[in-house]
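Report on the structure given below.
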Amino acid sequence: MKQFTRLFLFILALLAASSSLAGREKLPPWLEEARSSAPMAGEAEADAVILWDSIERTYAGRQRVEAREQRAVLIKARDGRDWAIANIGFVGRDDQVRSFKAWLVYPSGRIETFTHRDAFTVAAEMESLYSEAKQMVLDRSGSVRPGTIFAYEFERKEKTPFLQDLRVFQSRIPVRDSRFVLELPRGWSVRSEAVGPCSVVEEQEGTRWVWKSSNLPAIKVEPNQPSPLSLLTGLRLSVEPTGKDRDRDDYICFQSWNDVARFAAGAQDSALTLTDAMVAKARTLTDGARSETERIRAIAQYAQTVNYLATSMDLNQGGGFKPRKAEEVLEKHWGDCKDMVALTRALLKAVGIESVAVFATVGDDTFVPHDWPSPKLFNHCIVAINMTDPATFPGVVEVPRLGRMLIFDPTQKDVPVGELPGSLAGGRVLVADESVDALLELPAARPEDNTVIREVHVSLDQEGGLVGTIRDEAVGAPADYLRGLVRTSSREDLLEFVRDWIQLRTHTAKVVKIDTQDIPGANRYVWTIEVSAPNFARPLGDALMAFRPVFLSPLEWVPPSKEPRTTDYIVRAWKVEESLWFSLPPRWSVENLPETQDLEASFAQYSLAGEQLDSQVVVRRRFESRNDVIPPARYDELLEGYERINRADKSQIVLRADRGD
Amino acid sequence: MRCARSFFGRHLKRLPWILWVVVLPSALDASTEFTKGGWDEVPEEEFLAESPKVDPDAHIEFLYRGLEVSDTGGITSSFQTIYKYHYRLKVFTEAGVEELDKIDIPYETGWRLRGLKARIIFPDRTVVRLEREDFYKRELFEDGRFKGYVQSFSFPGLRPGCIVEYRWTAVRQYWIPSLYLPMLTDWPTWDYYLRVSPQRFLASRIAAFNCRYKWEKKGGDFHLHVKNLPASYEGPFLVPRKDFEPWVHMGYATELEDLDPDKYWGYRGGTLEDINDDYVRPRQGAVKKLAKTLFEGAKDREEMLHRAYDYCVSQIINISGYTDFYSEQEIEDLKQNRSPADVIKRGYGTRSDINGLFASLASVAGFEKAYLGQVENRSDHTFNYDQVGFFCLSDWLVAVLDGTTWRFFDPGSTFLPFETLNPENTNGRVIVADEKYYYWRKTNPVEAKSSNAIRKATLQLSEEGDLQGEVVVSFTGYEALWRRRLFAEMTNQEIEDYLRDEDWANRCPRAVISALEVQGKEDPNQKLELRYSLEIPAYAEFAGDRLIFNPSVFEKGSAPVFKREDRAIGVRFEYPFREYDDVSIGIPEGYSLETGSFSDVGFAGSVLNQNRKVEFDETARTLRFLRLMVLDTEAFERMVDVGARTLRLPGPPYREVKVQFDEVNRLDAQDLSLVRE
């Protein structure tokens, strides 16, 4: 029995030893090296630091690309724990993630390892009808403590005819070492351009190129800053295969904007099939139209009724540029931007009007550099319609070699045909025509394209209650917004929306009635609101009451001033003109009016003045913000301007009860 | 077509075969454009409807919403439940078009989807049926064990006035012991049909709550037709949905008599006893050994109970809540505890494990009885003896018999102090079982004074109207509890961001808070205290020689709690509380408080009251604002009881509560003025 016990204990000891050996994981050399890299300046304040960020891409010919990606992040504080999430995007069968491995290295030296079995895969673009884009996610943010390193690596196999890369080295947190390695078949070449504030070192040996950048400081996220793509240190690459490989494997290369325009035009034009149904629809739509402008408007307005819904397929093969057949879009009546453009163009073609697709960028990151011709920079498709009519609209632009063209975005249901949507104004777009060899700059919105003219006539009662009307005449983008709001809201929702807006500064409000008037030809939208607000003016004892005359959409927000600004501040153009008429209650007189204000700055103009006219007080306010880029050196000037406007908007009128009689 | 199909089903198969030659072609001819493909005939009323019928403000209404649930699989193998869905809707507005632009039918591992069909009928009565290629299937989620899918489609040319219709069958590959089916959805319904076919081998009980409609029983199936159902109700501080929205519950038991309420509760008592046998083991050696150490020197059993509680909440790591002791990976790898001895040995436990250990220790301490019991969750459903099912008394606690008094504990819930329950379990029914009997008891209600928010600020107003200073906010009771749970995973920076976004940004957009210190974040026996610096540029507003501002810094700019003028559904607050504000504001040189510019008049309502006061110390040039607001939910409880017994109203009348909140909100918006001397 004793022998048995000894044997049992021996086996237990062996098991314990083997399990402890198994627990002592070995880290890959790159991660060991990353762990021991020297700290850089500026790390102390960071919540996390990227120790190592590497992508190695091997173009293997026949459209095959093999890549290995590695990243190690040191989590320095719990606030940095979201950096312990690996989020790897991939698209369908032509892009597969393999050999995924991840590590958590705790400050004690204990190591946890993970594989793809610990990760989950989730569909991207959930709002699409279908998309093959997915994300593989490993989230260990709940496990990390300060001092933990989260690292991962994986291999990726792609099949794509595209040979361009946009690599960003810099991040929102400091980066110690970042690199991009490119391995090309013999005879292939690469054009590269490093951009951004930090230096990038290039090394080449044979068919292998390495770009390195080290000790990259964090880029701060600041309100109204330029597109991150224009701020971050990075690399733009265009690979050029041999002529033989290019022809044999159908590679798509871009050396000029003309190359991109031809590619985009090819992808779009293939969908423009003119079927009998298409011709019949176009004729029905334009029946009775007496001019080219009317025909364009009829077709464009029909295109705006198509329901927006995207299907994303063959993304690695350029599927993001290929619309569904126009006839299918006509039949199904749903599609994404490029589908709607294909339908619009086919219908126009059916009545003899020429048009071209235009590629644009909308959203948060709208940076399109002139000097890197690439379709990767665009995420939206619109249409430019040839205009021979002399009629002028804000959306008509002169396109070199193509002449006058109307820029039209069929996805914008609330923008009247002929107007340039606010999301496109000032943007750089690519007209997809063989004659095009440069980007087109669309006109920027002016303050008068983005205006609200407000007239308020209200009466105050003895208790400070307000009754009267608010008339807002919105021009341009605000009109588009109101049109959309009214179109998509129920009566109850609209009343609630307006009530909430008014009672932000009136405390309580009741919306009695809303009348709306759409003037699409002038892109104006007028709404007249009958309102009451029982607690508008606040009593200051028995004899006084006070109220803020600027009670609708005052400037409440001033850019932050606590920390020094590091990036440019972008100011957008818009304008508000207000006349606010307050009829005073009987036997109340004005104790004081707001101080007259007049501000003139490069980025804005502001004025506020009040006067008493018999038993009324009228306050006139004008605020015009202009397109401007304020560098950090002039940030104080911006702050001072906004501060003055904010305080002036808050100034109050005091009324005194007249007890003389 | 539902009628037509049943007609064919009943009569055609009885026809002599020779007549098929004659009848079938004519039957086919009889099918209209609307019934092709096995669809029902669309009633004329539905075509003609130009506006919503149930809710005049609806963007979309279900014209017909049908669900057939069939639990007919074998009981020994291939359990399955079949759900047949059939929806027909009409779109009335552009907003409805946008809401309905894509239909997603999600399902997951263990489910099969079949027979998906859809069509759209345009206002001119042309019909477009969706083809196979119009349905897109994709995998939404996959983690190695579980996969989630969706089948999506869009109706071509959808516009206001269109009728859309779709149906599908979902087969679940396993059997479910009970079924909860809410009858309301996002949109109102003209005609709702539910058929439930329970498993024939088992005793089942099916009940519809909060609706006056009766079940029709045919064979073993239950049929329910309901007309004109509203959309699911939305609004702040609603009474539990299960108390007022119509819903259906189907439950099984192995014995028919178990479904009689008296017998059912006896059965629940029996299951409780089994659970207690597993979790409460005072005779285990490890429990006795621990108790011996733990209780050594204790003067009485009350002290032992306190020590047991402290041990359970401080020495056992609660893996049902947030812990920074174990990583997620480690928690996944932890062994499951099988008895209190395991919990003691391993030092961690789930909520049930910890409650089981506490009950075991209480028993060792000499209390008459100590068991796991089940308690009403009053935020989910108000207890009703006749409404049987596991949705009743869904939460757990520890019941300790002290002499003749039952006392209740829940150490397995995080951050609860000794003898304190979660707010939703207070004033609620409890079932406790021992070897022979089960007992009904009630947990205690809580008083407003036990949950306090004490908000103090020492601030200085500048000549420019800027406000700056220090804030100390402390919370006790339930005011501290929910914050502790929320803050448990947060860093100080995240708490600071939360306070800025939730407490300040909407009211005072320019408020900046910094230098946050948090005390008592983890100890439920202490108050939770937040200290921070506050800065609000341009807080006071200028009016000539006056500076006008709201001394109620913590409430300035608060939006009214209840916006709708009226609503049919009553109000429920989780617990009563008190808010005490003490704000000192130093005023700038050259200014003094304008006489009579502030009114001290407070408000006293049946559920809400507020006292307020402003004191001005001319020497110190300091203005002190004091405010006490009390929400008395005992008054609510009384109103609920009255409503339930007499008016059959779910909760107290909304308007009565709204008026009180509006008045308090009006007081909180009151400004005062300083005038230049």
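Key figures for this structure:
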{"item": "Computed FRET value (nearest 0.05) for residue A:220 with residue A:448, which takes r as the C-beta separation and R₀ as 30 Å", "result": "0.30"}
{"item": "Charge dipole (debye, nearest 20) of segment B:112-197; +1 at Cβ of Lys and Arg, -1 at Cβ of Asp and Glu", "result": "320"}
{"item": "Helix B:301-314 vs. chain B, principal-axis angle (Cα, 0 to 90°, nearest 10)", "result": "70"}
{"item": "Amide N proximity, segment B:41-74 versus residue A:500 label position 7 Å along Cα-to-Cβ, cut-off under 20 Å", "result": "B:57-60"}
{"item": "Stretchable slack from residue A:172 to residue A:512, in nm (0.36 nm times residue separation minus alpha-carbon distance)", "result": "117.5 nm"}
{"item": "Hz values of 3J(HN,Hα) by residue in segment B:585-602 - Karplus curve (6.51, -1.76, 1.60), Gly and Pro given as x", "result": "10, x, 9, x, 4, x, 10, 9, 5, 6, 4, x, 7, 9, 9, 7, 5, x"}
{"item": "From phi via Karplus (6.51, -1.76, 1.60), per-residue ³J(HN,Hα) for segment A:96-106 in Hz, x at Gly/Pro", "result": "10, 9, 10, 6, 6, 9, 9, 9, 10, 10, 7"}
{"item": "Calculated Rg and Dmax of segment A:281-419 using C-alpha coordinates, Å", "result": "15.1, 47"}
{"item": "Per-residue ³J(HN,Hα) for segment A:557-563, Karplus 6.51 cos²θ - 1.76 cosθ + 1.60, θ = phi - 60°, Hz, x for Gly and Pro", "result": "10, 10, x, x, 10, 5, 10"}
{"item": "Charge-dipole axis of the protein assembly as shown as Lys and Arg at +1 and Asp and Glu at -1 on Cβ define it, positive-most pick from A:526, A:285, A:138", "result": "A:138"}
{"item": "Pair residue B:599, residue A:26: separation of 7 Å Cα→Cβ label points (nm)", "result": "8.2"}
{"item": "Other protein chain Cβ atoms within 10 Å, averaged over every residue that makes up B:318-327", "result": "2"}
{"item": "Segment A:234-324: trypsin sites (Lys or Arg not before Pro) in DSSP loop, at most 12 other beta carbons within 10 Å", "result": "A:290"}
{"item": "Interchain or long-range residues, amide H under 5 Å from residue B:116's placed H", "result": "B:169"}
{"item": "Set of aspartates and glutamates near residue B:227 by C-alpha distance (under 12 Å), chain-local residues within fewer than 8 positions excluded", "result": "B:191"}
{"item": "Within the protein assembly as shown, helix-based [θ] at 222 nm, where runs of 4 or more DSSP H residues each add -39,500 (n - 2.57), nearest 500", "result": "-6500 deg cm²/dmol"}
{"item": "Summed side-chain charge close to residue B:502 - residues other than residue B:502 whose Cβ falls under 13 Å, Lys, Arg +1, Asp, Glu -1", "result": "-2"}
{"item": "Separation between Cα centres of segment B:311-335 and segment B:241-303, rounded to whole Å", "result": "23"}
{"item": "Net dipole in debye of segment B:503-594 [+1 Lys, Arg Cβ; -1 Asp, Glu Cβ; about Cα centre; nearest 20]", "result": "420"}
{"item": "Cβ neighbours within 10 Å from other chains - mean over A:117-129", "result": "5"}
{"item": "Global geometry of chain A, whether rounded, prolate or oblate, following the gyration tensor of its Cα atoms and the 1.5 cut on a/c", "result": "oblate"}
{"item": "Extension gain (nm, one decimal) between residue B:666 and residue B:482, 0.36 nm per residue minus Cα-Cα", "result": "63.5 nm"}
{"item": "Per-pair calculated FRET efficiency, R0 = 41 Å: residue A:455 and residue B:491 via Cβ, rounded to 0.05", "result": "0.25"}
{"item": "Spacing of the two label points (7 Å from each Cα toward its C-beta) at residue B:324 and residue A:613, in nm", "result": "6.4"}
{"item": "Surrounding net charge for residue B:234, when Lys and Arg each add one and Asp and Glu each subtract one, Cβ distance under 13 Å", "result": "-3"}
{"item": "Tilt relative to chain A, helix A:337-350 - C-alpha long axis, 0 to 90 degrees, to 10", "result": "70"}
{"item": "Nearest-20 debye value, segment A:330-378 charge dipole, Cβ charges on Lys, Arg, Asp, Glu", "result": "220"}
{"item": "FRET efficiency for residue B:468 and residue B:501, using Cβ-Cβ distance with R0 set to 25 Å, rounded to 0.05", "result": "0.80"}
{"item": "Whether segment B:226-346 is rounded, prolate or oblate, judged on the alpha carbon gyration tensor where a/c under 1.5 counts as rounded", "result": "prolate"}
{"item": "Counted charge near residue B:520, where neighbours are those whose Cβ lies closer than 15 Å (Asp, Glu -1; Lys, Arg +1)", "result": "+1"}
{"item": "Potential extension, residue B:41-residue B:101 segment - 0.36 nm per residue separation minus Cα distance", "result": "19.2 nm"}
{"item": "Cα gyration tensor, the protein assembly as shown - rounded (a/c under 1.5), prolate or oblate", "result": "rounded"}
{"item": "Inter-label distance, nm, simple model (7 Å from Cα along the C-beta direction), residue B:515/residue B:447", "result": "3.8"}
{"item": "Between helix A:292-304 and chain A: long-axis angle, C-alpha atoms, 0 to 90°, nearest 10", "result": "60"}
{"item": "Modelled label reach - residue A:370, point 7 Å along Cα→Cβ, segment A:400-423 residues with backbone N closer than 16 Å", "result": "A:400"}
{"item": "Peptide-level mean, for B:102-112, of C-beta atoms on other protein chains within 10 Å", "result": "1"}
{"item": "Members of A:101/A:220; A:26/A:157; A:325/A:349; B:90/B:218 lying beyond 20 Å, as alpha-carbon distances in this model show", "result": "A:101/A:220; A:26/A:157; B:90/B:218"}
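Every number in this text was worked out from the coordinates using simple rules, so none of it is lab data. Because the structure is a prediction, the values reported are computed rather than measured. Using ideal geometry, Cβ is built from the backbone for each residue, glycine included, and neighbour counts are taken over all protein chains shown.
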